[in-house]
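First up is the structure itself, then whatever we jot down about it.
The values are calculated or read from the model by the stated rules, or taken from the named source; none is laboratory data. Owing to the predicted nature of the structure, the values given are computational and were not obtained by experimental measurement. With ideal geometry, Cβ positions are generated from the backbone for all residues, glycine too; neighbour counts draw on all protein chains shown.
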Amino acid sequence: MSKDNWYQSDSWYEPLRRPEPAAAAPEKKKKKTWPWVLGIVLLSLAIVIGLSVALRDSEPQQVTLPDFRLPHSAERGDSEDSAKEPDTGKNRKPSFREYFDALYPPTETESVRVNIPRGKAAGDFRMELSAAEGEELTLQELYDRCAPSVVGIASYTLGKVGYGWGSGVILSEDGLIITNTHVVAGADSATVTLYDNREYEAVLVGADAISDIAVLKIDATGLPAAVFGDSTALTVGQQVAAIGNPLGEEFRMTLTDGIISAISRDVNYNGRTMTLMQTNAAINEGNSGGPLFNRYGQVIGITNMKMMSTVSNIEGIGFAIPSSTVVSMVNGILEEGKVIGRVSIGITIGPIPDSAMQDYDLPAGLYIASVSAGSDAEAKGLRVGDILMEVNGQPVTETKQVAEIKDQFSVGDELLFKIWRDGEIFEVSVALVDTIDVYG
């Protein structure tokens, strides 16, 4: 968020002003009004009839509303089986590629650069998840216990006026901080503000653009580290609370509460799919990188985005990275300064609507929307427009099916794909690559 506030808070809460009642007018002698009323009614009927005739042969205008948008260049993520058909016009049937180019438009997948000076984590510290224990906390108890582990993060870029603003959570007593990568993306320096207003310059331990997780380090000791819970134990409807710094320093340490609205949502972020938890706890710009707590005071997610729209109000649709994902990303960063060993095919795939299968005589499968440069998929000749029908002999129609198969293997292992292309079917073996090698 820029240092200059983009909102006008005074106008939000301006009281409703009502006009003073007018003085009563002196009574006048009543006049007959029925001739005037009858004339007005007849004139109105004539206008309505005239408009009906004029509009009878005209086509109604179509109004196309823009798609919802998420902050930080993240688009709305539909689930694997909920692809929506593009508006392709009335006059002609679009070609196969026109249809799918509209359904799956190209997205940026450039790697994120963080220019904050590098530092190393001290010792062999590793993040761990704990089981929920004891009694649930009231919101007041939760805030008193957990707020001191929440920090504000200001990021500065040379040559730019103002600064970025986000949240973070203390991982260790000696100054490790978890936040989102997009909070510090492009920054040359960062300052961490603690609950008691102490400020520290931060160094970067590591940042991962794919998971949107970054780890910073400040030179401090005796900090109130957060306790991290296991997000895999969550169920829909469980109560949660977010503590963070929405909109800027003026609203630091804001508590909002809600429930877990969904356990697993596939959301498209910078051309990649993230699996996130959905919550109705209020999350706004500046909350990014902050903790989502369960009612035992444990961090079960790192908030990173919300659903937004330029044409309507959207309330109560926010997202957080599950702690089960955060723990593996953070420990990879602590060990290597980056996350390595994640397998990737190097393709972006999406479901095919039933109507498209019928209109274009397509087989069941997944549409290949992009092929990453440097991947074995590119080397083996896979193309945008191919349809992936099977992986290792298993039919696939949902992206999660491919992910479940892929994640059973390691970098260098090969998968056998059955591919449809322009009416022909063939098989090809594709080697899995390290995600960081193709996506940075």
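Here are some notes:
- Within the range 251-286, the set of residues being in a loop (DSSP other than H, G, I, E, B), more than 18 Å from F228 (Cβ to Cβ) and at pLDDT 85 or above comprises R252, M253, N280, A282, I283, N284, E285, G286.
- Meets criteria (polar (S, T, N, Q) and closer than 24 Å to L171 by Cβ) for N284: yes
- Per-region count, the range 171-203, residues surrounded by fewer than 22 Cβ atoms within 10 Å (Cβ to Cβ) and not aromatic (F, W, Y): 16
- Evaluated against (1) under 25 Å from A369 (Cα atoms); (2) assigned by TED's automatic domain parsing to the domain that holds A154; (3) not in a strand (DSSP E or B), S355 falls short on exactly one condition, (2).
Quick grid of which residues meet (1) in contact (Cβ under 8 Å) with a residue 24 or more places away in the chain; (2) under 14 Å from the mean Cα position of the chain (by Cα); (3) closer than 21 Å to F125 by Cβ:
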site: I283; (1), (2), (3): yes, yes, no
site: F293; (1), (2), (3): yes, no, no
site: I300; (1), (2), (3): yes, no, yes
site: T303; (1), (2), (3): yes, yes, no
site: M307; (1), (2), (3): yes, yes, no
site: S323; (1), (2), (3): yes, no, yes
site: S328; (1), (2), (3): no, no, yes
site: E336; (1), (2), (3): yes, no, yes
site: I340; (1), (2), (3): yes, no, yes
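- The range 214-233, residues that are at pLDDT 95 or above and hydrophobic (A, V, I, L, M, F, W, C): A214, V215, L216, I218, A220, L223, A225, A226, V227, F228
- Scanning the range 393-409 for residues that are in a loop (DSSP other than H, G, I, E, B) and loosely packed, with under 14 Cβ neighbours inside 10 Å yields G393, D407, Q408.
- Residues of the range 110-138 that turn out to be within 26 Å of the chain's Cα centre (by Cα) and either among the aliphatic types (A, V, I, L, M) or modelled with pLDDT under 90 (or both), as a count: 8
- Some residue of the range 162-171 being of a type outside the set (S, T, Y) and free of Cβ contacts under 8 Å to residues at least 60 places away in the same chain: yes
To keep it simple, each residue is scored yes or no on (1) crowded, with 17+ Cβ neighbours inside 10 Å; (2) out of contact with any helix residue (DSSP H, G or I) (no Cβ under 6 Å at 6 or more places or on another chain).
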| residue | (1), (2) |
| --- | --- |
| T157 | no, yes |
| G168 | yes, yes |
| G206 | yes, no |
| S211 | yes, no |
| V215 | yes, no |
| P224 | no, no |
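- Residue within the range 410-426 that is outside any strand (DSSP E or B), of a type in the set (V, I, T), under 26 Å from the mean Cα position of the chain (by Cα) and over 28 Å from K93 (Cα atoms) present: no
- Selection status of G316, touching a residue at least 24 places away in the same chain (Cβ under 8 Å) and on the phi > 0 side of the Ramachandran plot: yes
- Pair list, Cβ under 9 Å, 6 or more apart: the range 129-152 residue in the same structural domain as I178 (by TED's automatic domain parsing), other residue hydrophobic (A, V, I, L, M, F, W, C) and modelled with pLDDT under 95: Y143/M253; A147/M253; V150/M253; G152/W165; G152/M253
- Complete set of residues in the range 367-383 that are free of Cβ contacts under 8 Å to residues at least 60 places away in the same chain and in a loop (DSSP other than H, G, I, E, B): K380, G381, L382, R383
- Residues in the range 374-408 that are basic (K, R) and over 16 Å from S344 (Cα atoms): R383 alone.
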